[in-house]
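Heads up, the thing below is written out as structure tokens.
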Amino acid sequence: MRNLKVMMAYRGTAYHGFQRQENAVGIQNILEEKLSSLTNAPVKINGCSRTDTGVHANEYCFSFETEHRIPCNNIVRGMNSILPDDLAILSCEEATVDFHARYSCKGKEYVYLILNRGSKDPFMSDLALHYPFVLDTELMERVAQDFVGTHDFTSFCGTANQKENSIRTIEYFKIEKNENLVKLIVKGDGFLYNMVRIMVGTLIVINENKLEPDSIPSILAAKDRNLAGKTVPAQGLYLNKVFY
């Protein structure tokens with residue numbers, strides 16, 4: 001039995017998240033169907049993360065076991081020839097028997113994209129949040145440093161979060177601006193449900209002077225979702241890198 005580590009990218013617009021769905025189409029449904037066809041045997045994959053409806057990935061890892069001897073480069077070529085255009089396999093390699101895309105993952109980096117200009121861009125409507133008002137990115141990056149470190153992020157997770165442990169470590173939170181495109185980049189050892197989207201929404205609310213710039217430490221300490229900012233839409237969120 002071989003254990004394979006596969007890296008892929010996807011545009012999540014048309015899918016109800018990564019995870020397999022019974023009454024909707026998840027990316028996992030498509031991958032398992034195509035891999036089963038390619039290897040002539042049922043395939044069940046393990047994904048590195050559950051991404052929500054509309055969320056994208058520049059780099060996503062999944063692993064699966066197979067007895068088929070098909071070379072890794074043929075899996076890449078074969079899958080890319082039969083997958084929809086919004087899903088792409090980047091690489092495939094042999095992994096150790098104990099490798100698991102989710103449980104072996106040491107950290108993730110997410111990117112949130114904001115189109116910051118007055119007019120919309122019809123070519124980016126599902127790829128970035130359109131925000132037509134002024135963003136003080138220097139202020140937002142300065143405030144975002146209060147997320148860095150190990151904290152209980154209960155105040156920054158959605159109601160669907162079922163994890164008992166809400167403590168996570170954020171390694172960095174950076175903001176880059178290139179003309180009208182603002183990129184928020186955050187790396188951590190793990191993320192709660194909607195955590196990145198709520199952190200970004202809180203920074204926007206602070207930018208709008210609806211929360212004080214020094215309010216994040218007290219919001220973290222309160223462990224109360226109602227004190228943090230809004231949950232920004234999914235279309236601007238990308239799983240950017242996974243670390244093993």
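Derivation of every value follows stated rules applied to the coordinates shown; laboratory data play no part. Note that the structure is a prediction, hence the values are computed from the model and not measured. Counting neighbours? That spans all protein chains shown, and the Cβs are built from the backbone with ideal geometry, glycine included.
As a proxy for reagent exposure, ranking Ser125, Ser104 by other Cβ atoms within 10 Å from fewest up yields Ser125, Ser104. Using only side-chain charges placed at the Cβ, +1 for Lys and Arg and -1 for Asp and Glu, the dipole size of segment 107-243 relative to its Cα centre rounds to 320 debye. Peptides 169-180, 188-199, 21-32 ranked from most to least packed, by the mean per-residue count of other Cβ atoms within 10 Å: 188-199, 21-32, 169-180. Dipole magnitude for the chain: computed about the Cα centre from +1 point charges on Lys and Arg Cβ and -1 point charges on Asp and Glu Cβ, it is near 260 debye.
Partners of Lys108 within straight-line reach, counting aspartates and glutamates whose Cα lies under 17 Å from its Cα and excluding those fewer than 8 residues away in the same chain: Asp52, Glu59, Glu171, Asp189.
When the helices of the chain are scored as -39500 (n - 2.57) per DSSP H run of n ≥ 4 and the total is divided over every residue, the value at 222 nm lands at -6500 deg cm²/dmol. The fewest-to-most ranking of Asp136, Asp85, Asp214 by surrounding Cβ atoms within 10 Å reads Asp85, Asp214, Asp136.
Ranking Cys72, Asn29, Phe62 by Cα position along the charge dipole of segment 2-95, where only Lys, Arg, Asp and Glu carry charges on their C-beta atoms, puts Cys72 farthest toward the positive end. Cross-link pairs exceeding 32 Å in C-alpha to C-alpha distance, out of Lys44/Lys241; Lys120/Lys223; Lys106/Lys210; Lys5/Lys177; Lys34/Lys120, comprise Lys120/Lys223; Lys106/Lys210; Lys5/Lys177; Lys34/Lys120. For segment 107-243, what does the alpha-carbon gyration tensor say about shape, rounded, prolate or oblate, given a ≥ b ≥ c as the root eigenvalues, a/c under 1.5 as rounded, and a/b over b/c as prolate? Prolate, since a/c reaches 1.5 and a/b exceeds b/c. So how tilted is helix 195-207 from the main axis of the chain? Cα-based, degrees 0 to 90, rounded to 10. Between helix and principal axis, roughly 20 degrees. A Cβ-based charge dipole, computed about the Cα centre of segment 2-95 with Lys and Arg at +1 and Asp and Glu at -1, lands at about 100 debye.
Applying a DSSP loop filter and a limit of 16 other Cβ atoms within 10 Å to the trypsin sites (Lys or Arg not before Pro) in segment 20-74 leaves Lys44, Arg50, Arg69. Each principal axis of the Cα atoms in the chain has its own extent, and those three values, largest first, are 59, 41, 32 angstrom.
Bridging of Lys230 to aspartates and glutamates at a Cα separation below 14 Å is possible for Glu208, once same-chain residues fewer than 8 apart are set aside. Which residue, chosen from Met140, Tyr172, Gln235, occupies the Cα position most advanced towards the positive end of the dipole of segment 107-243, where the dipole is computed from +1 (Lys, Arg) and -1 (Asp, Glu) charges on Cβ about the Cα centre? Farthest along the dipole direction, towards plus: Gln235. Rounded to the nearest Hz, the phi-derived 3J(HN,Hα) couplings of segment 44-53 under the Karplus curve 6.51 cos²θ - 1.76 cosθ + 1.60 (θ = phi - 60°) are 10, 9, 10, x, 7, 6, 9, 9, 7, 3, where x marks glycine and proline.
This ranking places Lys108, Lys210 by how few other beta-carbon atoms lie within 10 Å of each, fewest first, which gives Lys210, Lys108. Axis of helix 27-39 versus longest Cα principal axis of the chain: the two differ by about 20°, to the nearest ten degrees. The gain in end-to-end length when the Asp214 to Ser166 segment is fully stretched comes to 15.1 nm, 0.36 nm per residue minus the alpha carbon separation.
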